[in-house]
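Undergrad: To start, I am sharing the structure in question, which I have written as structure tokens.
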Amino acid sequence: MRELNSYLMLFFSAIRAFMARSGWMFLLGGGSLAASRVSQTVSFFLPLKIFIVISSHKVPSYFDFLPNALTYDEKIVILACAVPFTYLAYIAFGVMHRWFTDRHLRVFSGKSIELRGKDVPQKNIARLHNHSAKALAECLFFVMSMVIAIVLNPIVALTIFILVYLNLMLFYHTALKAEDSERLTFLGLHRRQFIEYVSSSNFMIVFAVLVLDTMFIGTSIYSTIFLLLLCRMVFQALNRFSNENIHILRLTR
């Protein structure tokens, strides 16, 4: 645990180093990619919710913000029209991420940064900047997701948080420390395969928690489906974050 915390401190030190100059652009770049991930989740969830609403012939109470004067059919049309907007937001935020990140990288042209008491070679700065920006975006997406999950279901949110931390600990002591030529476990997995399979398997644990929660606590079907999609996106983000960290570790050694 101490070694993992030490590594996470190194990662956040890299983030601070890049934010030392025009940090708002770096933060906006990471935040834009995180917002793109959230928009993608919503754009996938809305169609499912629309089909459920159509089959149940009633609009959920949390859509009370829509004017009461609107008919049931008009509310369905509004929800359907929101789908392309959320998908366009997913693309727009992704474009903004690349624009802010590329512009911020120009600030470090001909400059160096210091990590662990030594300068990072100039040739590594562009790659370290790119991987750090993407990893920052996954962290911000995780924070956004946890806020949403806590509001919807604190038990599921706590489960996701514990699983993510345990996964990070496992990845640090196995995949992140392994050489690219090494094979992990008796299955002979490449370290990226190991990260992908382990991180995706957490989905089944959260699924089981959601089933029990729905059976015994009675969480609404809308919240359950959204949390299921959200947790899948979180563990995909964990996979991407861990793979970015493989590069960050290599570039900062």
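The values are calculated or read from the model by the stated rules, or taken from the named source; none is laboratory data. Computed from a prediction, not measured in an experiment: that's the story for all the values here. Reconstructed Cβ throughout: ideal geometry from the backbone, glycine too, with neighbour counts over all protein chains shown. Accessible surface areas use protein heavy atoms only, side chains included; no ligands, DNA or RNA. Shrake-Rupley method; radii C 1.70, N 1.55, O 1.52, S 1.80 Å.
Undergrad: Given (1) under 19 Å from CYS139 (Cα atoms); (2) touching a Phe, Trp or Tyr at 6+ places or on another chain (Cβ under 7 Å); (3) open to solvent by 20 Å² or more (accessible area, probe 1.4 Å), where does ILE195 come up short, assuming only one miss?
TA: Every condition holds for ILE195 apart from (3).
Undergrad: Residues in segment 101-132 that are outside any helix (DSSP H, G or I) and under 29 Å from PHE235 (Cα atoms): how many? Let's see the steps before the verdict.
TA: In the first step, residues of segment 101-132 are kept if they are outside any helix (DSSP H, G or I); the result is 108-121.
Checking which are under 29 Å from PHE235 (Cα atoms) leaves us with 115.
Going through segment 101-132 one residue at a time, the tally reaches 1.
Undergrad: Quick check on ALA135: is it under 17 Å from SER13 (Cα atoms), part of a helix (DSSP H, G or I) and either modelled with pLDDT of 85 or more or in contact with a Pro (Cβ under 9 Å, 6 or more places away or on another chain) (or both)? Break it down into steps so the answer makes sense when it comes.
TA: Values: under 17 Å from SER13 (Cα atoms): yes; part of a helix (DSSP H, G or I): yes; either modelled with pLDDT of 85 or more or in contact with a Pro (Cβ under 9 Å, 6 or more places away or on another chain) (or both): yes.
Yes; evaluated as a whole, the condition is true for this residue.
Undergrad: Would you tally the residues in segment 210-241 being closer than 22 Å to ILE52 by Cα, open to solvent by 30 Å² or more (accessible area, probe 1.4 Å) and either in contact with a Ser or Thr (Cβ under 6 Å, 6 or more places away or on another chain) or of a type in the set (A, V, I, L, M) (or both)?
TA: 9
Undergrad: Please find, within segment 2-35, the residue that is surrounded by the fewest Cβ atoms within 10 Å (Cβ to Cβ) out of those that are without any contact (Cβ under 8 Å) to a residue 12 or more places away in the chain and basic (Lys, Arg).
TA: ARG2
Undergrad: Continuing with the same structure: Here is a check on your reading of the model: is ILE150 at pLDDT below 90 and in a helix (DSSP H, G or I)?
TA: No, not satisfied.
Undergrad: Out of (1) open to solvent by less than 40 Å² (accessible area, probe 1.4 Å); (2) under 30 Å from SER13 (Cβ atoms); (3) of a type in the set (Val, Ile, Thr), what's the single condition that is false for ILE150?
TA: Going through the list (1) open to solvent by less than 40 Å² (accessible area, probe 1.4 Å); (2) under 30 Å from SER13 (Cβ atoms); (3) of a type in the set (Val, Ile, Thr), ILE150 breaks only (1).
Undergrad: Right, next: Only one of these is modelled with pLDDT of 90 or more and either farther than 20 Å from SER220 by Cβ or buried (at least 17 other Cβ atoms within 10 Å of the Cβ) (or both): ILE113, ILE125, ILE155, ILE160. Name it. Steps first, please.
TA: On the way: ILE113 fails: modelled with pLDDT of 90 or more; ILE125 fails: modelled with pLDDT of 90 or more; ILE155 fails: either farther than 20 Å from SER220 by Cβ or buried (at least 17 other Cβ atoms within 10 Å of the Cβ) (or both).
Testing whether each residue is modelled with pLDDT of 90 or more and either farther than 20 Å from SER220 by Cβ or buried (at least 17 other Cβ atoms within 10 Å of the Cβ) (or both) leaves just ILE160.
Undergrad: Quick check, is ALA14 modelled with pLDDT of 75 or more and among the hydrophobic types (A, V, I, L, M, F, W, C)? Full working, then the answer.
TA: On the way: modelled with pLDDT of 75 or more: yes; among the hydrophobic types (A, V, I, L, M, F, W, C): yes.
Taking the combined requirement at face value, the residue satisfies it.
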